[in-house]
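Here the structure is laid out as structure tokens; the discussion comes afterwards.
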Amino acid sequence: MRLVVAMTGATGAVLGIRLLEVLGQLGVETHLVLSEWARATIKIETDFSVQQVRDLATQAYSARDLAAAVSSGSFGTDGMVVCPCSMKTLSAIRIGFSDNLITRAADVTLKEHRKLVLVAREAPLSEIHLDNMHYLARAGAVIFPPTVAYYSRPRSVQEVTDHVVGRVVDQLGIEHSLINRWKGARHPSSTGEADLAIVRATK
Ligand SMILES: Cc1cc2nc3c(=O)[nH]c(=O)nc-3n(C[C@H](O)[C@H](O)[C@H](O)COP(=O)(O)O)c2cc1C
């Protein structure tokens with residue numbers, strides 16, 4: 001399997017880094033593009049250097065390199081993930097404004113009817129953000145906000161990160177065992193009360 005992975009300047013650089021680690025462990029060929037502000041957030045938010053992040057990918061490109069392989073639909077891929085995805089990049093993808101390799105590769109992914117997952121991060125969301133997301137969802141993109149799944153009872157940021165990344169990998173149709181999956185909750189029928197017995201999933 002071959003994927004384009006892009007990281008932009010939304011907060012959550014660790015999500016993109018963990019995604020690259022996991023995809024690498026799963027044997028996925030990754031083609032990485034970092035925006036200028038992704039490079040900044042990597043430095044601000046993590047202990048990784050930009051080069052260490054680039055080294056996690058099979059191949060890394062400059063966002064300015066519009067002649068790179070992933071800028072053409074003739075370069076076959078199984079899809080693209082933008083993780084994290086800023087509102088700026090999301091808006092550019094919405095209108096097909098392909099002035100860098102991230103927005104160009106996303107444009108290509110949509111025109112070739114390949115899977116595009118946008119891990120869109122902002123809070124709160126304005127009407128403009130929501131309108132852009134709605135439009136992109138109708139155009140075939142998966143809008144995947146990196147939110148906390150409290151039902152998994154995370155005990156650390158690492159567990160929150162792994163859950164988000166695991167669910168993103170699910171979207172790509174790749175099997176993995178990164179997360180505790182919800183196994184359901186039992187309603188004690190005798191009382192009818194809302195004291196649910198949670199069936200804790202195990203790894
Ligand atoms: C530390 C930091 C955190 C940011 N977090 C967000 C965010 O969560 N969402 C967002 O849309 N922009 C965020 N921004 C602003 C983007 O980096 C900015 O809009 C930038 O132009 C995005 O460009 P890019 O999409 O090419 O990376 C953040 C900026 C910094 C410095």
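For every residue, the table says whether it meets (1) under 13 Å from G9 (Cα atoms); (2) within 17 Å of the chain's Cα centre (by Cα).
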site: A40; (1), (2): yes, no
site: F48; (1), (2): no, no
site: Q52; (1), (2): no, no
site: D55; (1), (2): no, no
site: Q59; (1), (2): no, no
site: D78; (1), (2): no, yes
site: V82; (1), (2): yes, yes
site: T89; (1), (2): yes, yes
site: T103; (1), (2): no, yes
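Give, as residue ranges, the helices (runs of 4 or more DSSP H) completely inside region 76-161 that count at least 2 residues that are of a type in the set (A, V, I, L, M) and closer than 21 Å to V28 by Cβ. Steps first, please.
Details: elements: 87-95, 101-111, 127-138.
By residue number, 101-111.
Just checking, does region 89-99 include any residue being away from the ligand (no atom under 11 Å from the Cβ), at negative phi and not hydrophobic (A, V, I, L, M, F, W, C)? Spell out how you get there, then give the answer.
Step one: filter region 89-99 for residues away from the ligand (no atom under 11 Å from the Cβ), giving 94-98.
Then keep just the ones that are at negative phi; that gives 94-95, 97-98.
Those left that are additionally not hydrophobic (A, V, I, L, M, F, W, C): 94, 98.
So far as region 89-99 goes, yes, one or more of its residues are away from the ligand (no atom under 11 Å from the Cβ), at negative phi and not hydrophobic (A, V, I, L, M, F, W, C).
Checking the conditions here, which among A141, A149, A137 is within 16 Å of the ligand (Cβ to nearest atom) and closer than 20 Å to V169 by Cα?
Details: A149 fails: within 16 Å of the ligand (Cβ to nearest atom); A137 fails: within 16 Å of the ligand (Cβ to nearest atom).
Every option except A141 fails the conditions.
Here V168, V148 are screened, and the one residue that is in contact with a Phe, Trp or Tyr (Cβ under 8 Å, 6 or more places away or on another chain) and among the β-branched types (V, I, T) is V168.
L56 meets the conditions (1) surrounded by fewer than 16 Cβ atoms within 10 Å (Cβ to Cβ); (2) away from the ligand (no atom under 15 Å from the Cβ); (3) not aromatic (F, W, Y) in every case but one. The failed one is (1).
The residue that is farthest from P145 (Cα to Cα), among those in region 40-53 that are within 14 Å of the ligand (Cβ to nearest atom) and surrounded by fewer than 19 Cβ atoms within 10 Å (Cβ to Cβ), is V50.
What number of residues within region 27-36 are within 16 Å of the ligand (Cβ to nearest atom) and either among the basic types (K, R) or within 16 Å of the chain's Cα centre (by Cα) (or both)?
Taking region 27-36 as the starting set, the residues that turn out to be within 16 Å of the ligand (Cβ to nearest atom) are 32-36.
Next, only the ones that are either among the basic types (K, R) or within 16 Å of the chain's Cα centre (by Cα) (or both) stay: 32-35.
Going through region 27-36 one residue at a time, the tally reaches 4.
Applying a threshold of 7 Å to beta carbon distances and a minimum spacing of six or more residues, or different chains, the list of pairs starting in region 18-35 at a residue that is under 15 Å from I102 (Cβ atoms) and ending at one that is within 16 Å of the ligand (Cβ to nearest atom) and of a type in the set (G, A, S) reads L32/A60; V33/A6; V33/A63; V33/A105; L34/A63; S35/G9; S35/A63. Scanning region 1-26 for residues that are closer than 17 Å to D170 by Cβ, part of a loop (DSSP other than H, G, I, E, B) and either within 12 Å of the ligand (Cβ to nearest atom) or out of contact with any strand residue (DSSP E or B) (no Cβ under 8 Å at 6 or more places or on another chain) (or both) returns a single hit, L26. Considering region 166-187, and only residues there that are more than 29 Å from V4 (Cα to Cα) and either in contact with a Leu (Cβ under 8 Å, 6 or more places away or on another chain) or polar (S, T, N, Q) (or both), the residue that is modelled with the lowest pLDDT turns out to be H187.
Number of residues in region 98-139 that are touching a Gly at 6+ places or on another chain (Cβ under 8 Å) and in contact (Cβ under 8 Å) with a residue 60 or more places away in the chain equals 3.
The values are calculated or read from the model by the stated rules, or taken from the named source; none is laboratory data. Keep in mind that what you see is a predicted model, and the values were worked out from it rather than measured. Here Cβ is always computed from backbone atoms with ideal geometry, including for glycine, and neighbour counts include all displayed protein chains.
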